[in-house]
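Heads up, the thing below is written out as structure tokens.
The values are calculated or read from the model by the stated rules, or taken from the named source; none is laboratory data. Predicted model, so just to flag it, every value in this text is computed and none were measured. Virtual Cβ from ideal backbone geometry, glycine too; neighbours counted across all protein chains shown. Quick note on the areas: whole protein, heavy atoms, side chains included, nothing else; ligands and nucleic acids left out. Shrake-Rupley method; radii C 1.70, N 1.55, O 1.52, S 1.80 Å.
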Amino acid sequence: MENKRLRVPEPFGILKKLWKFIAAGIFFLFLTVLPTIATAQAQKTVSGKVSDNTGVPLPGVSVVIKGTTNGSITDAQGNYTLQNVPSDATLTFSFVGMQSQDVAIGQRSVLNVTLEETSIGIEEVVAIGYGVQKKKLVTGATVQVRGEDIERLNTVSPMQALQSHSPGLNITETSGEPGAGFKVNIRGIGTLGNSQPLYIVDGVPRSDINYLPPSDIESIDILKDAASAAIYGARAANGVILVTTKKGSKTDKVSLTYEGYYGVQNVYKILPLLDAKEYIMIQDEANVNSGLKPNDWNKVLAPGDYARIQSGKWNGTNWLKEIENKDAPAQSHAVTISGGNAASVFSMGLTYTSQEGIFGKPVQSSFERYSFRINSEHTIFRSNSDFDILKIGENLSYTFRTTHGIGTGNMWWNDISNAAKALPILPMFDTDKEDKAYPYHYSIPFNTNYSNPVAAMIYQRGKNLSKNHNINGNVYMSLQPIKGLIYRSSFSASPNFNSYRSWTPSYALGPVATANNNVTAQNMGGGLGWMFENTLNYNFDLSGNTFDILVGTSAERYGLGENMNTSNVGNVFNDFAHAYINNANIPTNASIGGAPLDRGGILSYFGRINYDYKETYLLSLIMRADGSSNFPRGNRWGYFPSVSAGWVLSNASFAESWRPAIDFFKLRASWGQNGNQAIPGFQYISLTSFNNSDNPAN
């Protein structure tokens, strides 16, 4: 018998579909509207105050209903108010530098919370060079600064943030210009000559870390004593700064984070300078004390100026205020995407930073930085015993920086110093109208050694631009054939390119400051460095005796490149936009130079044994051998041992009576040797002079 389905007439079919649609809509409203109504009936307002463990109110604390995006922040007195809060909700209180807290509301409508400061816990790990170690097991002198503490200070460079977070670290800027470098000393000056510490970023040596945006940093560890820094041998005499950039996490989620700030900068206090009347009085007193007559200021100054000064209609020129760049902007914007799963993790960041100097108007210093970073790691094979057999990964960053500056050298080449020393009786402009594009010298018969400092800054040093492209790439492979035994091989390269242009127009600022021709200068250079490292690390435990054994080798070359510089006069366009050598066509005045970079290389062998017995008795032994091309044959190799030991007294049986007053107490002692190979290459070669004055025959 043939089965046939009953056909529903067309109008009834339409009604059937319409009924399904209506039923689905009613069901949707039932699931969404009714729970909302029920929840609204149970909602209330919650308020309170957030303070630290000393009772000081905390402004800016984030208060969020857990599991939602609804929340608020505390005001200047630490108070907060949240409306429409479900009775069964939990509030999350979070603040940078403090431990987050989750607090259930229950029947309360007033909820006061005390947040505790976060610190490097003794169970947390810190970087020690070619590996990590529990903080409580470290026997050397180290300090760690977290990336979140660096980032919340809103600084252009991570070194500025370290100034307030790292005891024993003395950091001073080489100048006040935006983007300027830093002079860093760890526990004072360790060596003659170059006393800068060694910077290691994700395991790769760098000349500095100013190229890194603070938002890219996960943590900074500082090796301060000889024992902990000996693992880097011939380059560790001035300490080591280890930087770890942000990595992804195995959360099966992708997170997008934006962090930024915008601010303005102003001079806190300008150096008090003499005004015109005070300057005239001091000069007259000096003349009288020297047995001379006071100056006839009506003849010295322009007609009418002396009368204006004496009547108070004109107080003279405060040159520091003339070059002050009020409300100089500083900003940073960072976007980070990170995530991962059991097989792969990644972190990618894009950052823009800019800053203007607080002095130098109208040609104030400026700094811009564009940064891109990507770190990823991928598990290729994983064992059944739950450890990764083979992993590959990379750390790649690109930074583009531009800087424009004024004179910040010694006292003879410093626009700030020139402004502080300039005569207040010298007008800014040659007339009462201050709308000229560029001011110039107003002659003073009794002293022709001075010129308008603002005009000199604009004409002589105000037109320049530096560009720098920096790429840092590192690829690595990690092989773990058995649990605890890890072989790691990595190769890194760091190509960079830089250029500089400047243009000086012709000017007449007085008898001692005159140039008849405009000058164009153009410099550029590029270089490459690479490093190949291999390490073998074995970590195992024998009845409470824990061993962490490391051996490795490293080969590095740097300075593979060259630079050139050239200058010429007579630029046909006579402006900075066209300040290129091709536009300056007077060959007889051209200056050209070029040279290779200071090349060198290091070959190293190193090893370390970290031992502890039940995390109570600690021992660390290090030996490194470095061969540097900066020294002559027969003296190129140096050997750098260290030994350090510790005793965690708080683990001893007699320490039971100390608790809870003392949770952790450790004694440690260390000894080590470090070296400094940061000297110019080929200094051991005798130079031949072609100067006749050095010829004994003459």
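If the condition is being hydrophobic (A, V, I, L, M, F, W, C), open to solvent by 60 Å² or more (accessible area, probe 1.4 Å) and in a loop (DSSP other than H, G, I, E, B), then the range 665-682 contributes PHE665, ILE679, PHE682.
Take the conditions open to solvent by less than 70 Å² (accessible area, probe 1.4 Å) and more than 23 Å from the chain's Cα centre (by Cα) and apply them to ALA226. Does it pass? Spell out the reasoning first.
Working: open to solvent by less than 70 Å² (accessible area, probe 1.4 Å): yes; more than 23 Å from the chain's Cα centre (by Cα): yes.
Yes.
Annotation: ALA42 fulfils all but one of (1) under 29 Å from GLU151 (Cβ atoms); (2) touching an Asp or Glu at 6+ places or on another chain (Cβ under 9 Å); (3) at pLDDT below 80; the unmet one is (1). Considering the range 585-604, and only residues there that are open to solvent by less than 60 Å² (accessible area, probe 1.4 Å) and not in a strand (DSSP E or B), the residue that is modelled with the highest pLDDT turns out to be LEU597. Restricting the range 236-252 to residues that are closer than 21 Å to LEU396 by Cβ and touching a helix residue (DSSP H, G or I) at 6+ places or on another chain (Cβ under 7 Å), the residue that is most open to solvent (accessible area, probe 1.4 Å) is LYS246. Just so you know, in the range 499-534 the residues that are under 23 Å from ASN582 (Cβ atoms) and β-branched (Val, Ile, Thr) include one that is surrounded by the fewest Cβ atoms within 10 Å (Cβ to Cβ), and it is VAL519.
Restricting attention to the range 152-186, the residues that are free of Cβ contacts under 8 Å to residues at least 40 places away in the same chain, closer than 19 Å to GLY405 by Cα and surrounded by 17 or more Cβ atoms within 10 Å (Cβ to Cβ) add up to 1. One residue stands out among those in the range 535-551 that are out of contact with any strand residue (DSSP E or B) (no Cβ under 7 Å at 6 or more places or on another chain) and either in a strand (DSSP E or B) or touching a residue at least 40 places away in the same chain (Cβ under 8 Å) (or both): the one that is surrounded by the most Cβ atoms within 10 Å (Cβ to Cβ), which is ASP541.
Does ILE217 satisfy the condition of being in contact with a Gly (Cβ under 7 Å, 6 or more places away or on another chain), more than 18 Å from ASN474 (Cα to Cα), among the β-branched types (Val, Ile, Thr) and open to solvent by less than 30 Å² (accessible area, probe 1.4 Å)? Judged against the criteria, ILE217 is not a match.
When the range 642-664 is examined, which residues are found to be under 34 Å from the mean Cα position of the chain (by Cα) and either without any contact (Cβ under 8 Å) to a residue 60 or more places away in the chain or open to solvent by 30 Å² or more (accessible area, probe 1.4 Å) (or both)? Before the answer, list the steps.
Here is the first cut: in the range 642-664, the ones under 34 Å from the mean Cα position of the chain (by Cα) are 642-646, 664.
Correct list: VAL643, ALA645, PHE664.
Say we look at the range 104-123 and pick out the residues that are open to solvent by less than 70 Å² (accessible area, probe 1.4 Å) and part of a loop (DSSP other than H, G, I, E, B); which of these is modelled with the lowest pLDDT?
Kept after step one, since they are open to solvent by less than 70 Å² (accessible area, probe 1.4 Å), are these residues of the range 104-123: 104-106, 109, 111, 113-115, 118, 120-122.
Pick out the ones that are also part of a loop (DSSP other than H, G, I, E, B) and you get 105-106, 109, 111, 118, 120-122.
On the way: ILE105: 85, GLY106: 82, SER109: 87, LEU111: 88, THR118: 62, ILE120: 52, GLY121: 61, ILE122: 63.
Among those residues, the one meeting the criterion is ILE120.
In the range 370-427, which residues are under 24 Å from the mean Cα position of the chain (by Cα), within 18 Å of VAL475 (Cα to Cα) and either free of Cβ contacts under 8 Å to residues at least 12 places away in the same chain or surrounded by fewer than 19 Cβ atoms within 10 Å (Cβ to Cβ) (or both)? Residues satisfying the conditions are PHE372, ILE374, SER376, GLU394, LEU396, TYR398. Pick from the range 659-678 the residues that are modelled with pLDDT under 85 and not charged (D, E, K, R): which of them is farthest from LYS224 (Cα to Cα)? Taking the candidates together, the pick is PRO660.
Scanning the range 319-347 for residues that are crowded, with 20+ Cβ neighbours inside 10 Å and free of Cβ contacts under 8 Å to residues at least 60 places away in the same chain turns up just one, ASN325.
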